[in-house]
Amino acid sequence: MREYILTLSCPDRMGIVHHVSGWLLTRHGNIIHSQQFGDSDTERFFLRIHFSLPHESAIDELARDFEGVARRFSMHFEIHDKRRKARLLILVSRQGHCLNDLLFRTQSGQLPVEIAGVVSNHPDFGPLAQAHGVPFHHLPVSPETRAAQERRILDLAERERVDLVVLARYMQILTQDMCRALEGRAINIHHSFLPSFKGARPYHQAHDRGVKIIGATAHYVTQDLDEGPIIEQDIERVDHSMDAQALTRIGSDVESLVLSRAVRWQVEHRVLLHGGRTVVFR
C-alpha cells in the first residue's frame, strides 16, 4: 500500500466529499484520515484527506486523473506522496535556540524532514550544524551586499531542491524580491505577544513594562513585515518576580515550540491558505 495526502479548497457546495470519495473508490483507495472545514463567512470549503492506494502511482498521474473532479468544483488542490520528506533550509543569526530545537527534532526522528543546510550571517553556529551532519553556509550581509547575499541563498535553495525556508531567529529584514521569490514556502518566528516591543532586546523591554504574558507567532513570510498569514501561536504567563533573563528563557522555549509545530504542520500538508488567514488541520 502507498499513502498520499490530498488537500483542496473550493467554493462550498453540495457533493464535494461525495465526488472526492467516489474518485478514490475508482482507484480502490482507502481513506485513512479526513478533515474538513466550511467557512460560513466566505462560503469556502477546505479538505485534507490522508489515503492509501493498493499500488504506487506517480503524483503527476494522480493529479491529471483528479482534474475532472477539480474542474467540476473549481478546486485548488495538491496531492503529495506521504513518504517524501520535505527539504528545509534554515536561516539563523546569533540566537540559536530554534535552530538547535529543529536540528534535534530532525536527528531524533521527531520531525519528518531533511535539513539541506543552515545559512547564517554570522559564523557562530557552524560547529552546531556540523555536529548534526548539516552543511553550514556563512553568508555575511551588509546594506551594500544584501541583494547579492540573498541571490546566493535563493541559488542554494534551488540547487538543494528546498521545499521550505525557515527563519529561525534570522535577524535580517528580507527584501521585497526575496519575499516574492519565497512566497508560500518560507516561515518566520517572532515574539508576537509583545507588539509594543520591537527591535533589539524585546524581553528586556517587556520586563521594564511589567507584562503578564509573553508569546510567539509562526507565520508565512510576506512583503508586509511580520504580517503574513499566521500558522501557530502560543503564550506563557509571567509575573513580577521574573527578571529579563527569566523572560528571555521562557520566551525562547515558546518560540522553539511554536516554530517546530508550524514546520511540522507545513511539511505534513496541514496548512491551507485562506486569504490573509490559514486553515490548519492539526
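The values are calculated or read from the model by the stated rules, or taken from the named source; none is laboratory data. Note that the coordinates shown come from a computational prediction; the quantities given were computed from them, not determined experimentally. Every residue, glycine as well, gets a Cβ built from its backbone with ideal geometry; the counts of neighbours run over all protein chains shown.
What the table below lists for this structure:
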item: Residue match in region 205-213 (condition: over 30 Å from A148 (Cα atoms), outside any helix (DSSP H, G or I) and in contact with a His (Cβ under 7 Å, 6 or more places away or on another chain)); result: yes
item: Cβ pairs under 6 Å, 6+ apart, first in region 10-34 and over 19 Å from E67 (Cβ atoms), second among the small types (G, A, S) and exposed (fewer than 15 other Cβ atoms within 10 Å of the Cβ); result: D12/G38
item: Hey, L273 touching a residue at least 12 places away in the same chain (Cβ under 8 Å), under 16 Å from the mean Cα position of the chain (by Cα), outside the structural domain of F37 (by TED's automatic domain parsing) and assigned to a strand (DSSP E or B) or not; result: yes
item: Pair list, Cβ < 9 Å and 6+ apart or interchain, from region 40-52 residues that are assigned by TED's automatic domain parsing to the domain that holds R27 and within 20 Å of L62 (Cβ to Cβ) to residues that are among the aliphatic types (A, V, I, L, M) and at pLDDT below 95; result: S52/M1
item: Test: residue in region 203-226 that is modelled with pLDDT under 85, buried (at least 21 other Cβ atoms within 10 Å of the Cβ), under 20 Å from H97 (Cα atoms) and more than 17 Å from the chain's Cα centre (by Cα); result: yes
item: Region 58-74, residues that are closer than 25 Å to M1 by Cβ and hydrophobic (A, V, I, L, M, F, W, C); result: A58, I59, L62, A63, F66, V69, A70
item: Residue match in region 140-161 (condition: in a helix (DSSP H, G or I), surrounded by fewer than 21 Cβ atoms within 10 Å (Cβ to Cβ), of a type in the set (D, E) and touching a residue at least 24 places away in the same chain (Cβ under 8 Å)); result: yes
item: Sole residue being over 23 Å from E158 (Cα atoms) and modelled with pLDDT of 95 or more, chosen from H138, H97; result: H97
item: Residues of region 46-92 that turn out to be in contact with a His (Cβ under 6 Å, 6 or more places away or on another chain) and either β-branched (V, I, T) or surrounded by 14 or more Cβ atoms within 10 Å (Cβ to Cβ) (or both), as a count; result: 3
item: Pick from region 95-131, criterion assigned to a loop (DSSP other than H, G, I, E, B) and over 21 Å from the mean Cα position of the chain (by Cα), ranking: surrounded by the most Cβ atoms within 10 Å (Cβ to Cβ); result: F125
item: Single condition E236 does not satisfy, out of (1) crowded, with 17+ Cβ neighbours inside 10 Å; (2) outside any helix (DSSP H, G or I); (3) out of contact with any Pro (no Cβ under 7 Å at 6 or more places or on another chain); result: (1)
